[in-house]
Amino acid sequence: ILNMLYFVALLLLQVVRFTFTPARVGYTLSHPIECLFVPTIVLAAATILNGLAAVAGREVGSGVRTAFQVAFWVYFAAALVVSVVCYTSVWARAEGSMHHMNPAWVLPVFPLMLCGSVAVAVVPTQTEQSALNIAICKFQCPSQVADKAGN
């Protein structure tokens, strides 16, 4: 619950920011550095979905099942759009060269990488067909590969 409260508070603060300075939305999405931090809102949504799925468990009603299914597909679409927009913004500008690279350049891909963990959390709540569709989507997203032998 605390995580959801933080999420809503930060989202409201962003709404206030962009309400008082409307031109800042376009600036944020087109700035080569600031746009890299936009995906963090999608990362926060992944954390919330994972937590809600853990609390809900495997045995859920059809309404909750549908809500998780819709939430996963909305999350996936948002992660894909945010990643594409951010990387397009970075590479479309002259600052998008390797000489200007910084560690924040990996942030836009994290929401897509977390599609796997969101899928793993949501799949147990789904019917067989829905679970299969979500699992197939999970394997289409980039993911972190852990070296189990070395860790």
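The table below gives the values:
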{"item": "Radius, Kirkwood style, for the chain when every pair of distinct Cα atoms is counted (Å)", "result": "17.0 Å"}
{"item": "Principal-axis tilt of helix 62-92 within the chain, Cα atoms, nearest 10 degrees", "result": "20 degrees"}
{"item": "Rg over Rh, two decimals, the stretch 24-74 (C-alpha only, Kirkwood Rh)", "result": "1.20"}
{"item": "Zero-based 10 Å bins, Cα pair distances in the stretch 36-123, whole percents", "result": "17, 42, 24, 12, 5, 0"}
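Read the figures in this text as sums done on the coordinates, not as results from a lab. Note that the structure is a prediction, hence the values are computed from the model and not measured.
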